[in-house]
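These notes concern the structure reproduced below.
Bear in mind that the values in this text are calculations on the coordinates, not laboratory data. These numbers come from a predicted model, not from an experiment. In this analysis, Cβ positions are derived from the backbone assuming ideal geometry, glycine residues included, and neighbour counts consider all displayed protein chains.
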Amino acid sequence: MSTAVSTELKKKLFYDMLLIRRTEERIKSQYHLREMRSPPHLYMGHEAVAGGVCAALRRDDAVFPYYRSHGWYLAKGGDLNAMMAELFGRETGCSRGWGGSMHLIDVKAGVMGTSAIVGGTVSHAAGAALTFRLQGKDSVAAVSFGDGAIEEGVFHETLNFAALRKLPVIFVCENNLYATNTHIQYRQAQPEIYRHAERFGIPGLRADGNDVVVVFQKASEAVIRARQGEGPTLLEFETYRIFEHCGINEDHDLGYRTLEEVRGWQAKGPLEKGKHLVTQAEAKQMAEEIDARIDRAFEYARSSPWPTSLAVEGAAR
Amino acid sequence: MKFREAVRDATLLAMESDPRVFLIGVGIIDPRAVWGTITGALEKFGSDRVVEGPLSESALTGMCIGAATFGMRPVLIHHRIDFTLLTMDQLINHAAKWRAMFGRQQTVPMVVRAVVGRGWGNGPQHTQSHHALFAHVPGLKAVAPSNSRDAKGLLLAAIEDDDPVVYIEHRWLHEDEAEVPTEYFTTPLGRAAVVREGTDVTIVAVGPMVSEALKAAQALAQGGLSSEVIDIRTLRPLDSETILGSVGKTGRLVVADSDWGPCGMAGEVVARVAEDGFDALKARPVRITWPDSSVPSSQAIEAQFYPGAREIQEATIAVFEKVRSAGFVRSTVKEFEGPF
C-alpha cells in the first residue's frame, strides 16, 4: 500500500475533516434546544487525526476511539443517522439510546465501543489485534487516546504486551496538551509521549496532528508495519481542542488557558492547513452535500422513536 | 449552607487545624475547584497540600496509604466514584488490610471523596454509586451524608478517623441548603439518625433517598400513616441498634437505597432485621433500590431508572393493606443540567 497522496485521496481527506467539522458545528448550534442530553466532547480542532488515520485503514480494520469519538466514528465510515439518533437518545441510535455521545459504536464500519474512562479501551485494541493474529487475518487495530491516558498504568501494560508479541495494533495519541483543564506540565515528568515507545523497543514518533497528509503518511507506515507482522507503533499527534473539554462553549474565561493560545491553534487548525487539498469550488460543493446529509440525520433523529423500557439492556442487535 | 459549601467548610477547617491533612486528586487544581468544594484551598495552602495528581488513580491511592502510614491524613478526591474502580486493589488489598495484616501496628487514616453523578445522559459509566462494594469490606469505613450538616460533620469525623473512610458524595445534593454550625464539629461515624419520628413503619434511607423518604412520609402522614425515617449516614459500620430499636417499635421495615439491589445496603439492613429483629416484624420487609441495570443515557428511560418519593410511598402502602393516601408526591429533586 502506497503512502503517496493522490488527488482522490486529498479530496477524501478534506471531505472527512469537513464532515466532522460541520457535524460538530451543527451539534454545537442546536445543543441549546436540549434535545441532545448527554455530555458532548466535541472533536473540533482534532479533525486531521481521525481523518488521516482512518484514511490509512481498511473497513475491516478496527478503531478504538475514546469518548471524544465523533470524529473517529465519522471518518471510519460510521452511520451519521445512527450517531445523531444516539445523541438524541432514540431507539434508533447506534447504542439504542443507552450510551449517548460518550459511547458510540458501529461494528460494521469497524468502530468499536467507546469508554468514558480514560485509557479504558487501550487494552481492548490489543485484544482485538491478538485475535486478528489468531484468526489468521491481516486486519489491524488502531486505538486513540488523549495525552492523559499515558498516565494510566494500563497504557504501559498494554504497550509492553503488544510490543512483546508484535501485535498488529497502532497506538494513536491525540496530544492536545490538556487533561480536562490541567496542562500536561503538571502531570507528566517527561511530556514527549512518543518516547515511551523506546522503552518497549517499538517505533514511536511525534508529528503535526493538524496536518492531515502528515497524519495519513505516518499512520500508513505504521499500518504497513503492523500488517507485515512487525508489531505496534506509537504515534503522537500534536493537536488542540478548540472548545471546552465537555460542552459547546469556549472556556478561556476559566483561566487555565488564554484566548491567545486558542486562537493561535485555530489559525493553524486542520481545515486551515488542509485548504490546499481541494479547490474552493470543491470545498463549497462538499459543504453543501455534507450539510444536506446532516439535515437528514437530524431529521432522522428527531423523528425516531424513543426507547421505552429499561429491559432492553443486554439485548443484542 | 449548601452541601457543597459544607464540604468546603469542613475541608478548609480540617486543613487549618491539622497540618497533616492534604488534598490529592486528578484535576483538583482545575479552576472549578471540584464543583466549588475546595475553592480557595490551593491559594491558602499551596500546591504541597493541594496536590494535583496525574491520571494515575491507583498510584495516587497507594501514595495516600504510604503517606498515611507516615503520619499524614490525606484526602483523595475523585470527581466520579466510577474512578474508584481503578483503585480497588489499593483500597481493598492494601488500605483495608493494613491495620489487621500487621497486627494493628499501623493504621491508614485516609479519606476518599467519591462523587456520584446523575442526569443529563451521563450514562452507565458516570452514574454509578456502588457504595455496597465499600460497605462489604472489613477494614474500610464508608459514609453517605444526606444533608449539609452531616456533609460537614461526617467529613471532619472521617478525616479524624484512623481508618480509611470512603465518603460517598452525591452531586445532586450539592445545592441543598440546611443550617450548619460554623465551628468545627464532628458527626460520629457508625451512628444512624432518626430524622422523623413515627410509629407505624420504619423507613431506612441512604443518602439522596433520605429526602425522598421524608417527602413520602409527609404524604403518607396525610393518609394517616405515621412513618419513622432513619438516615443511615454510615454504611459501614452500620448502626443496627438504631434500626432495630425503631423496627421494635413499628414492626414494619422499608429500606430505600440509591444503589443496585443485589448484595446492597438495603439487603444488608433487611438481613440484620430479619436475623435480630424477626419477632418484632408484623409484615415482610420491602427494599427500594435501583433497577438491576446500568443507567441509560437516553432521557426517555433515564427517568424511569431512579426510584424516589413515589416509589417509597407505594412500597410503604403495600406493606399496609388498608391505608388511604392523600396522593402521591412527585420527586422534586432538581435535575442536573449537564453536561459535565
Taking amide H positions as placed in the peptide plane 1.01 Å from N, state which residues far from B:Phe22 in sequence (5 or more) or on other chains have amide H under 5 Å from it. B:Arg73, B:Val75
Quick one: work out the % antiparallel among DSSP beta bridges in chain B, nearest 5. 15
So for A:Phe155, A:Phe64, fewest C-beta neighbours within 10 Å to most, what's the order? A:Phe155, A:Phe64
Is the shape of the stretch B:102-159 rounded, prolate or oblate, going by the alpha carbon gyration tensor and its root eigenvalues a ≥ b ≥ c, with a/c under 1.5 for rounded and a/b larger than b/c for prolate? oblate
Antiparallel DSSP bridges in the stretch A:146-248: what percent, to the nearest 5? 15
Backbone HN-Hα couplings from phi across the stretch B:262-272 [Karplus 6.51/-1.76/1.60, Hz, Gly and Pro as x]: x, 6, x, 4, 4, x, 5, 4, 4, 4, 5
Compute the long axis of helix B:148-160 from its Cα atoms, compare it with the longest principal axis of the Cα atoms of chain B, and write down the angle in degrees, 0 to 90, nearest 10. 50
Within 10 Å of each Cβ in peptide A:112-119, how many partner chain Cβ atoms are there on average? Round it to a whole number, please. 3
Of all beta bridges DSSP finds with both residues in the stretch A:21-171, what is the antiparallel percent, to the nearest 5? 10
Counting sequence-distant residues (5 or more places) and residues on other chains, those with an amide H built under 5 Å from that of B:Gly53 are B:Gly25, B:Val26, B:Gly27, B:Ile28
The ³J(HN,Hα) series, computed from each phi in the stretch A:136-146 with the Karplus coefficients 6.51, -1.76 and 1.60 at θ = phi - 60°, rounded to the nearest Hz and given as x for glycine or proline, is x, 8, 9, 6, 10, 10, 10, 10, 10, 7, x
For A:93-101, mean number of other protein chain Cβ atoms within 10 Å: 6
Nearest-0.05 FRET efficiency for A:Leu205 and A:Gln228 at R0 = 22 Å, using Cβ-Cβ distance, is 0.80
As a check on your grasp of the helix formula, calculate [θ] at 222 nm for chain A: sum -39500 (n - 2.57) over DSSP H runs of n ≥ 4, divide by the residue count, round to the nearest 500. -12500 deg cm²/dmol
With the Cα gyration tensor of the protein assembly as shown in hand, give its eigenvalues times 5 under a square root as the equivalent ellipsoid semi-axes, listed largest first in whole angstrom. 47, 29, 22
Please give the calculated 222 nm ellipticity per residue for chain B, where each DSSP H segment of at least 4 residues contributes -39500 (n - 2.57) and the sum is spread over every residue; nearest 500 deg cm²/dmol? -10000 deg cm²/dmol
How would chain A be classified by its alpha-carbon gyration tensor: rounded, prolate or oblate, with rounded meaning a/c under 1.5 and the a/b versus b/c comparison settling the rest? rounded
Which of the lysines could a cross-linker span from B:Lys141 if the Cα-Cα distance has to be under 21 Å and same-chain partners fewer than 8 positions apart are dropped? B:Lys97, B:Lys152
Averaged over B:287-300, how many beta carbons belonging to a partner chain fall within 10 Å of each residue's beta carbon? 6
Cut-off is 10 Å between beta-carbons; in what order do B:Asp89, A:Asp106 appear when sorted fewest neighbours first? B:Asp89, A:Asp106
Sparse-neighbour loop sites [GluC sites (Glu not before Pro); the stretch A:175-260; at most 16 other C-beta within 10 Å; DSSP]: A:Glu192, A:Glu230, A:Glu250
Neighbour-count ranking [beta-carbon atoms within 10 angstrom, fewest first] of B:Thr84, B:Thr11: B:Thr84, B:Thr11
Tell me, how many Å apart are the Cα centres for the stretch A:130-161 and for the stretch B:207-285? 48
By the C-alpha gyration tensor axes a ≥ b ≥ c (rounded if a/c is under 1.5, else prolate when a/b exceeds b/c, else oblate), the shape of the stretch B:135-278 is oblate
